[in-house]
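Undergrad: Following this message is one structure expressed as structure tokens.
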Amino acid sequence: MTQPQFITVWVLGDQLLQLHPGLRMAEAAVGRAHVRVLLIESAARLAQQPYQRKKLLLILSAMRHYALELEQAGFQVDYRHAPDFLHGLQAHCTDFGTTRLVTMAAAEEPTRRLQQGLATQLGLQVDLLPNTQFLVGQFDPFPDADPARTPIMATFYRAMRRHFGVLLDADGGPLGGHWSYDADNRKPLPRALHPPPPPDLPPDALTLAVAAEVAAMPHGVGTVEQFNLPVTAAAAQGALQRFIAERLRDFGPYEDAMAERSALLYHSGLAPMLNIGLLTPLQLVQAAEAAFQAGAAPLNSVEGFIRQILGWREYIYWQYWRQLPALRDQNFWAARRPLPDWFWTGESDLRCMAHTLRRALDSGYTHHIERLMLLCNFCLLAGVVPQEVNAWFMAVYADAYDWVMLPNVIGMGLNADGGRIATKPYIASASYINRMGDYCASCVYDPKRRTGAGACPFNLLYWNFLLEHETVLRTNPRLGPAVLGLARMNPDERAVIRREAAAFLEQF
Ligand SMILES: Cc1cc2nc3c(=O)[nH]c(=O)nc-3n(C[C@H](O)[C@H](O)[C@H](O)COP(=O)(O)OP(=O)(O)OC[C@H]3O[C@@H](n4cnc5c(N)ncnc54)[C@H](O)[C@@H]3O)c2cc1C
Ligand code: SF4
């Protein structure tokens with residue numbers, strides 16, 4: 001009698017998909033009872049750098065819940081602790097006499113490189129399936145784009161909307177006549193408005209057990225206290241429904257607002273679950289579109305939210321693979337200062353920075369504008385080395401992964417890729433922060449002062465950046481108005497800004 005053939009499916013910790021293509025393929029080939037699912041907790045991967053403890057807790061708890069669910073569904077599961085992925089794979093193959101391994105291409109480049117060499121290293125058949133966690137994997141709107149002259153996000157987004165038939169009218173044009181409703185958005189949060197509290201998801205026994213392990217790890221950022229992220233696909237789906245019911249309606253107008261009293265405001269907080277496969281981008285897009293069709297949320301909010309997923313998220317992933325390997329080392333503005341130590345403690349007298357840093361360190365979350373217009377804005381203006389900023393973001397955020405952090409920090413946040421992701425640097429003085437946030441009123445600095453005692457450092461650094469890079473900035477049409485302001489500045493004022501900025505930066 002011939003031995004039944006088994007297939008091993010190696011599922012990565014950020015690929016916890018309900019419809020994992022490897023599982024479906026293996027099941028179709030040999031039947032569920034002959035599919036072995038391999039999940040590996042790699043000590044080397046977990047210790048690669050000090051990570052946000054809430055992120056580690058999320059991934060490890062979600063992996064273990066996923067393994068239990070698969071076992072209950074009739075799969076054989078081998079859940080391994082190993083020094084690294086390769087040792088875990090080798091040990092599994094030896095223990096089970098594996099002859100065929102199926103795995104889905106990793107979203108991150110270092111792990112994908114490992115996967116590409118596995119057939120040789122393990123000496124068996126390896127099926128590396130395309131990654132299905134991104135819609136751009138199904139349809140690439142610009143497959144032949146020159147990496148040096150890539151389309152901007154808006155062009156990419158329109159092509160994605162058209163292809164996936166999202167928010168289109170009967171003629172295939174954008175619903176309501178516009179592709180973007182940003183002009184209706186970008187409002188500060190009114191004092192009288194109180195965003196709903198974030199969902200409360202008390203951890204179950206398994207999550208509490210993982211929390212104890214993560215708390216005992218020697219390196220890490222933040223704590224496992226007050227962890228309230230969903231760790232299963234069903235719970236993540238519940239969080240999505242709650243976002244749609246409670247916050248999507250006001251997402252658009254207040255998506256750029258910053259408030260000390262609410263971290264989430266009207267954002268979804270779903271990125272950590274989306275990035276490990278507990279949710280898919282299409283689920284989010286369809287849920288938001290359905291809310292619009294049902295009259296539960298207005299077009300400016302729904303379109304704004306869908307643009308984050310179908311536009312920005314997909315574009316970022318697409319850019320990551322186009323810009324590698326150069327993206328990792330880019331430093332267009334020749335920044336050379338180290339990251340200030342206070343980024344790791346939040347101890348700063350710049351109120352907006354102190355508050356946002358502490359929020360990020362404690363919870364692993366701040367929303368997009370705090371990441372972009374406070375943290376990255378500061379680092380770009382202060383000339384902090386992009387790779388140091390990237391390492392900080394990777395360590396601190398619960399939704400951080402190489403594919404999303406590199407293009408967002410090096411590209412969008414610091415404009416260090418020479419404008420391939422964002423055609424202009426996102427820089428702003430205190431007047432933007434004062435308009436969109438509520439920190440300035442209780443800050444020791446004066447957001448209206450540019451120089452002198454009590455002047456806000458954002459103002460000083462903003463004008464210093466314009467002066468330092470005036471020649472390059474003048475060539476960028478999108479920065480015309482900002483640079484034009486320099487024309488009215490006399491040599492004495494220029495000298496004062498340069499001198500005071502140098503003194504401030506000296507403290508680094
Ligand atoms: C410097 C910087 C670093 C960032 N680092 C990360 C990161 O490590 N991981 C991450 O998932 N996102 C990152 N982003 C993008 C964005 O800030 C976060 O996705 C978002 O703040 C997560 O919160 P949310 O789920 O409440 O998002 P919402 O405001 O509710 O937006 C909905 C979803 O849109 C997606 N999205 C929106 N903008 C982007 C973007 N620029 N890139 C990718 N996805 C986007 C996310 O999946 C997000 O969950 C970064 C942005 C910047 C400027
Ligand atoms: S005054 Fe300047 S440093 Fe203080 S909170 Fe406002 S922008 Fe931040």
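Undergrad: Looking for whichever is away from ligand 2 (no atom under 16 Å from the Cβ) and either assigned by TED's automatic domain parsing to the domain that holds F305 or touching an Asp or Glu at 6+ places or on another chain (Cβ under 8 Å) (or both) here; the options are L270, L229, L240. Which one fits?
TA: On the way: L229 fails: either assigned by TED's automatic domain parsing to the domain that holds F305 or touching an Asp or Glu at 6+ places or on another chain (Cβ under 8 Å) (or both); L240 fails: either assigned by TED's automatic domain parsing to the domain that holds F305 or touching an Asp or Glu at 6+ places or on another chain (Cβ under 8 Å) (or both).
Step by step, each of L270, L229, L240 is checked, and only L270 is away from ligand 2 (no atom under 16 Å from the Cβ) and either assigned by TED's automatic domain parsing to the domain that holds F305 or touching an Asp or Glu at 6+ places or on another chain (Cβ under 8 Å) (or both).
Undergrad: Moving on to the next point. Restricted to region 156-177, and to residues that are assigned to a loop (DSSP other than H, G, I, E, B) and touching a residue at least 24 places away in the same chain (Cβ under 8 Å), which residue is farthest from F292 (Cα to Cα)? Even if it seems obvious, please write down each step before you answer.
TA: So the first thing to find is which residues in region 156-177 are assigned to a loop (DSSP other than H, G, I, E, B), and the list is 165-167, 169-173.
Restricting the remaining residues to those that are touching a residue at least 24 places away in the same chain (Cβ under 8 Å) gives 166-167.
Numbers: V166: 11, L167: 9 Å.
Here the answer is V166.
Undergrad: Follow-up question, since we're still on this one. Exactly one of (1) within 23 Å of K424 (Cα to Cα); (2) surrounded by fewer than 22 Cβ atoms within 10 Å (Cβ to Cβ); (3) touching a helix residue (DSSP H, G or I) at 6+ places or on another chain (Cβ under 9 Å) is unmet by R336. Its number?
TA: Against the list (1) within 23 Å of K424 (Cα to Cα); (2) surrounded by fewer than 22 Cβ atoms within 10 Å (Cβ to Cβ); (3) touching a helix residue (DSSP H, G or I) at 6+ places or on another chain (Cβ under 9 Å), R336 comes up short only on (3).
Undergrad: Go through region 322-343 and give me each residue that's part of a helix (DSSP H, G or I) and basic (K, R). Let's see the steps before the verdict.
TA: First pass over region 322-343, keeping only residues part of a helix (DSSP H, G or I): 322-323, 326-329, 341-343.
Residues satisfying the conditions are R322, R328.
Undergrad: To continue, here is another question. Looking at G418 and the list (1) within 16 Å of ligand 1 (Cβ to nearest atom); (2) touching a residue at least 60 places away in the same chain (Cβ under 8 Å), which single condition is not satisfied?
TA: Failed condition: (1).
Undergrad: Taking region 421-455, which residues are in contact (Cβ under 8 Å) with a residue 40 or more places away in the chain, within 23 Å of K187 (Cβ to Cβ) and crowded, with 24+ Cβ neighbours inside 10 Å?
TA: I433, G437
Undergrad: Can you tell me which residue among V9, V30 is touching a helix residue (DSSP H, G or I) at 6+ places or on another chain (Cβ under 9 Å) and not charged (D, E, K, R)?
TA: V9
Undergrad: Then there's this: Report those helices (runs of 4 or more DSSP H) wholly inside region 460-508 carrying at least 2 residues which are surrounded by 16 or more Cβ atoms within 10 Å (Cβ to Cβ).
TA: Filter on region 460-508 gives 480-487, 491-506.
Undergrad: Does A234 satisfy the criteria of being within 19 Å of R358 (Cβ to Cβ) and either away from ligand 2 (no atom under 16 Å from the Cβ) or modelled with pLDDT under 95 (or both)? So that I can check it myself, show each step before the final result.
TA: Working: within 19 Å of R358 (Cβ to Cβ): no; either away from ligand 2 (no atom under 16 Å from the Cβ) or modelled with pLDDT under 95 (or both): yes.
So A234 fails the test.
Undergrad: Of everything in region 100-128, what is within 15 Å of D14 (Cα to Cα) and of a type in the set (G, A, S)? Give them in sequence order. Working first, answer last.
TA: Of all residues in region 100-128, those within 15 Å of D14 (Cα to Cα) come to 103-112, 115.
Hits for region 100-128 are A105, A106, A107.
Undergrad: Checking the condition assigned by TED's automatic domain parsing to the domain that holds E289 and surrounded by 14 or more Cβ atoms within 10 Å (Cβ to Cβ), which residue from P147, P174 passes?
TA: On the way: P147 fails: surrounded by 14 or more Cβ atoms within 10 Å (Cβ to Cβ).
One residue alone meets the criteria, P174.
Undergrad: I'm told G346 meets every condition in (1) assigned to a helix (DSSP H, G or I); (2) more than 14 Å from ligand 1 (Cβ to nearest atom); (3) not charged (D, E, K, R) except one. Can you identify the failing condition by its number?
TA: Of everything listed in (1) assigned to a helix (DSSP H, G or I); (2) more than 14 Å from ligand 1 (Cβ to nearest atom); (3) not charged (D, E, K, R), G346 misses just condition (1).
Undergrad: Same structure, new question: Residues in region 350-381 that are among the aliphatic types (A, V, I, L, M), surrounded by fewer than 22 Cβ atoms within 10 Å (Cβ to Cβ) and more than 12 Å from ligand 1 (Cβ to nearest atom): how many?
TA: The qualifying residues number 3.
Undergrad: Restricting attention to region 96-118, which residues are surrounded by fewer than 18 Cβ atoms within 10 Å (Cβ to Cβ) and under 19 Å from A26 (Cβ atoms)?
TA: F96, G97, T99, R100, listed by residue number.
Undergrad: Residue by residue through region 262-286, note down the ones that are more than 11 Å from ligand 1 (Cβ to nearest atom) and either at pLDDT below 95 or more than 26 Å from L57 (Cβ to Cβ) (or both).
TA: L282, Q286
Undergrad: Kindly list, by first and then second residue, each pair from a residue in region 362-378 that is closer than 16 Å to L229 by Cα to a residue that is within 7 Å of ligand 1 (Cβ to nearest atom), limited to pairs with Cβ atoms under 6 Å and residues at least 6 apart or on different chains.
TA: G364/Y397; H367/H267
Undergrad: Read through the list (1) touching a residue at least 12 places away in the same chain (Cβ under 8 Å); (2) under 20 Å from H20 (Cβ atoms), then give the number of the only condition that L86 fails.
TA: Result: L86 passes all but (2).
Undergrad: Checking N390 against (1) under 30 Å from F134 (Cβ atoms); (2) within 16 Å of ligand 2 (Cβ to nearest atom); (3) part of a helix (DSSP H, G or I), which single condition isn't satisfied?
TA: So N390 meets the others, but not (2).
The values are calculated or read from the model by the stated rules, or taken from the named source; none is laboratory data. Since this is a predicted model, take the numbers as computed values, not measurements. Reconstructed Cβ throughout: ideal geometry from the backbone, glycine too, with neighbour counts over all protein chains shown.
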